[in-house]
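Chemist: One structure, as structure tokens, below. Some questions next.
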Amino acid sequence: MNKKLILSVFILLTLSFTFQVQSKSKPVIKNTYIQKSLAERVDSVLALMTLDEKVGQLNQYSSSWATGPVSLDTTKLQDLKDGKVGSMLNVRGVDKTTTIQKMAMESRLKIPLIFGLDVIHGYKTTFPIPLAEACSWDLAAMEQSAHFAAIEAAASGIHWTFAPMVDIARDPRWGRVMEGAGEDTYLGCTIAKARVKGFQGNGLGNTDAVMA
């Protein structure tokens, strides 16, 4: 055989052996935080929290930018920075959700806020009210409208919607009749299933999903 070829093969074998030995001798660094279960990760954060911070995570404010009930607490912004707020309602628009989320991330443990909003029949794009949609008996269309609303809401920083409304409404004097699917329990169940699937998509945490 050619001497140069033999020398080249010898060098390659030597380098391969050296690399294997070095690879085996290196310690394997594991990210123990990622390997922990969700419950273990939650417990590890809870163990670091003060009583005020734990109570604060149960605190929910409504934005003064929206109609409806408004929190009158003038220390709202400071509470956000102190980690004493867990969620907020009626914050619309990615500029506002981003601004408030940055305040929450100034807190000691940097626990992000959950933003909730009534996305009942569309966010930017408006669809027929739920009762009108129910009259169509078109489950695929209702799932699609909920999914489209979820895409728009999630893009603006919303994580959570208070829909679908699954009460069986048989008294027209009740002001929320239009948010439901009518009088029939079976139809109401099937429509609720379609809408939940539309809102939550293939899984929470995806950019096209919100909690139903």
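The values are calculated or read from the model by the stated rules, or taken from the named source; none is laboratory data. Treat the numbers as computed from the prediction; the structure is a model and nothing was measured. Cβ coordinates were reconstructed from backbone atoms using ideal geometry, including for glycine residues, and neighbour counts include every protein chain displayed.
Chemist: Give just the number: which of (1) surrounded by 14 or more Cβ atoms within 10 Å (Cβ to Cβ); (2) part of a helix (DSSP H, G or I); (3) assigned by TED's automatic domain parsing to the domain that holds Leu77 does Thr98 not satisfy?
Modeler: (1)
Chemist: Another question, then. Just give me the residues in the range 40-94 being in contact with a strand residue (DSSP E or B) (Cβ under 9 Å, 6 or more places away or on another chain), modelled with pLDDT of 90 or more and on the phi > 0 side of the Ramachandran plot, in sequence order.
Modeler: Scanning the range 40-94 gives a single hit, Asn90.
Chemist: Looking at Glu183, is it over 30 Å from Leu51 (Cβ atoms) and not hydrophobic (A, V, I, L, M, F, W, C)?
Modeler: yes
Chemist: Would you point out the residue of the range 102-120, among those that are assigned to a strand (DSSP E or B) and among the aliphatic types (A, V, I, L, M), that is nearest to Thr190 (Cα to Cα)? Even if it seems obvious, please write down each step before you answer.
Modeler: Of the residues in the range 102-120, the ones assigned to a strand (DSSP E or B) are 114-117.
Imposing the further condition that a residue be among the aliphatic types (A, V, I, L, M) reduces the set to 114, 117.
On the way: Ile114: 28, Leu117: 23 Å.
Per the stated criteria, the residue is Leu117.
Chemist: Please work out which residue is modelled with the lowest pLDDT, limiting yourself to the range 166-209 and to residues that are of a type in the set (Asp, Glu) and farther than 25 Å from Phe115 by Cβ. Quick ask: steps written out before the conclusion?
Modeler: To start, the set of residues in the range 166-209 that are of a type in the set (Asp, Glu) comprises 167, 171, 179, 183-184, 208.
If we keep only those that are farther than 25 Å from Phe115 by Cβ as well, we get 171, 183-184.
On the way: Asp171: 90, Glu183: 94, Asp184: 95.
Applying the filter and picking the extreme gives Asp171.
Chemist: Quick check on my filter: what residues within the range 106-141 are free of Cβ contacts under 8 Å to residues at least 24 places away in the same chain and in contact with an Asp or Glu (Cβ under 8 Å, 6 or more places away or on another chain)?
Modeler: Result: Phe127, Ala141.
Chemist: From (1) touching a strand residue (DSSP E or B) at 6+ places or on another chain (Cβ under 8 Å); (2) over 19 Å from Ala209 (Cβ atoms), pick out the condition that doesn't hold for Trp174.
Modeler: Here Trp174 clears every test but (1).
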